[in-house]
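Chemist: Supplied in structure tokens, the structure appears directly below.
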């Protein structure tokens, strides 16, 4: 099933007391261009996360927004400088003994000394955090791909309808081609009769001219190739693989055959068919720009 290049997905999760929120958005792009936007302190894991994105997406301009809320986390840890506490206690007891003072040392007294208590940020387990973010990212990408598949179903339906119309127009063009040759032959006979003012027309000459004309305007090869391209495109849009670029190339071949048929057509009816044919091909080309 084809996927649209445009889509949106999101997911939430946790890592310890950290709350993780991820959004994935994409728009059309010729190649894959992905950007991971996350807090700067976590930049070390950016490439690992980008690798996960690339496993799931092959084409488009993709932006991944990662938000990490630490408001509920106990990030601050108070550490006791034990060697310093022991040194201060020893010094205070020495002062008390030498000066015959009371050695009643209270905790509040010790905390007044500098560097007894130190506030430090807890170290983040980067590996564990990366695993948890990766899990949330995988869920966000799954949600993202579900939307792209739904959009892809709409694209598939539209392209299939247009392929049916292209096939019908190709058949019509094939049927019109012999008529144009017959009309040319009749017009040639009438013109020669008018010029020569005689009914003794060289039938062999007429047939020769008609044969030359028929060879010049024959579109059998082009219509056969168009039918082949139609069959190929029908197979492509059923594929589960990214086929956007292949469809884009194949549509160019559609246009080439349509232009050739148009250059050979020499009547109003055929010209109208070619205009309609090229219009349907152009609409498929536009849709191909949306396919991964």
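Chemist: Show me the strands (runs of 3 or more DSSP E) entirely contained within the range 1-107 in which 1 or more residues are at pLDDT below 80 and touching a strand residue (DSSP E or B) at 6+ places or on another chain (Cβ under 6 Å).
Modeler: Output list reads 76-80.
Chemist: Here's something else I'd like to know. All but one of (1) surrounded by 15 or more Cβ atoms within 10 Å (Cβ to Cβ); (2) closer than 30 Å to residue 155 by Cα hold for residue 35; which doesn't?
Modeler: (1)
Chemist: Also, I was wondering about something else. For the range 126-142, which residues satisfy the criterion of being over 14 Å from residue 52 (Cβ atoms) and either touching a residue at least 12 places away in the same chain (Cβ under 8 Å) or in a strand (DSSP E or B) (or both)?
Modeler: The answer is 126, 128, 129.
Chemist: Shifting gears a bit: Any residue in the range 51-66 that is without any contact (Cβ under 8 Å) to a residue 60 or more places away in the chain sitting within a Cβ distance under 6 Å of a residue that is crowded, with 21+ Cβ neighbours inside 10 Å and not in a loop (DSSP other than H, G, I, E, B)? List the pairs, counting only those 6 or more apart or interchain.
Modeler: What qualifies is 62/26.
Chemist: Separate question: May I ask you to list the residues in the range 108-121 that are part of a helix (DSSP H, G or I) and surrounded by 10 or more Cβ atoms within 10 Å (Cβ to Cβ)?
Modeler: Of everything in the range 108-121, those that are part of a helix (DSSP H, G or I) and surrounded by 10 or more Cβ atoms within 10 Å (Cβ to Cβ) turn out to be 109, 110.
Chemist: Only residues that are modelled with pLDDT under 90 and part of a loop (DSSP other than H, G, I, E, B): list them for the range 243-275, please.
Modeler: Within the range 243-275, 265, 266, 267 meet the criteria.
The values are calculated or read from the model by the stated rules, or taken from the named source; none is laboratory data. This structure is a prediction, so every number in the text was calculated from the model and none was measured. Here Cβ is always computed from backbone atoms with ideal geometry, including for glycine, and neighbour counts include all displayed protein chains.
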